[in-house]
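Every number here is computed from the coordinates shown, using simple stated rules; none is lab data. The model shown is predicted, which means the values in this text are computed figures rather than measured ones. Cβ coordinates were reconstructed from backbone atoms using ideal geometry, including for glycine residues, and neighbour counts include every protein chain displayed.
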Amino acid sequence: MLQTLEHKVIQCVFIGDHNTEQLGIYKMKILKEFDLDIPNINDKNKRSKFRYEVRCIASLYERFFEKFKTENCWKILIDCVDKVNNKIVRDFLGVYTIEVEFNIDAYFKASNHEKKKNILETLKKGIDIIVKEKDWPIEPFNKAYKKVIENNYINNWIWKKPVKNTKNDYIASVFCEHELDEFNIFMIINSIKGEEILKRKIITVQPDEFIYSNYLGEFKWLSINQVALIDKNKKKYIVDLTSINLKKM
């Protein structure tokens, strides 16, 4: 997700006049976020573009990554650099950061599919270093890595459960397509038999969770023929079947 460590609010939990550490109670962290950055580049636009693009693969990896408890790490951040100057795993308030050699110019000249492969391999290189140093089991990380490859680096998914209209003759769903350079939201209408009869793109935004999540608020049928995706600001994106010549299946 596009955010700096300065934006993170670190909270300390207190019990009476004692914090949990003083009482000998340690709350384990759940590692569930992964990201990459190019911190040494001076071009802010190129850095921002890179941060958006890596979310396509990083979020796909996160979805396949199983629950993993650590002593204090909740996120892994890979700093992609021309030359590694610091081989130490750094801990910034639970964000484990490691430098990995990366050819930035070659990355931006590559095709989208090659970019996706490069992102995943660079993520794996950094993770492997951290896993070895922290003596973590490698299996959960390798499993998520292999799942991304098996999925052909495609980050598409259905948001929420499909919903039926009151006549039970149509089933609607929200289909999300996370690409390197954009995030697309589609409305899909299927017949009751499961055959797709309509697929319409209703939203295209930048590929960042903080942006596109605002559009994923509520999804419901407004009537027999109208279905709507309602964003978190209550704006409705409606597909009206009465205005479409649908062939009944």
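Step by step: first the residues of the stretch 136-179, then only those that are part of a loop (DSSP other than H, G, I, E, B) and of a type in the set (Ser, Thr, Tyr), then the one that is farthest from Phe108 (Cα to Cα). Which residue is that?
Thr166
Inspect all residues belonging to the stretch 102-120 and state whether any of them is in contact with a strand residue (DSSP E or B) (Cβ under 6 Å, 6 or more places away or on another chain) and surrounded by fewer than 18 Cβ atoms within 10 Å (Cβ to Cβ).
No; the residues of the stretch 102-120 include none that is in contact with a strand residue (DSSP E or B) (Cβ under 6 Å, 6 or more places away or on another chain) and surrounded by fewer than 18 Cβ atoms within 10 Å (Cβ to Cβ).
Quick test of your reading of the structure: Glu150 fulfils all but one of (1) farther than 30 Å from Gly126 by Cβ; (2) without any contact (Cβ under 8 Å) to a residue 60 or more places away in the chain. Name the failing condition by number.
Result: Glu150 passes all but (1).
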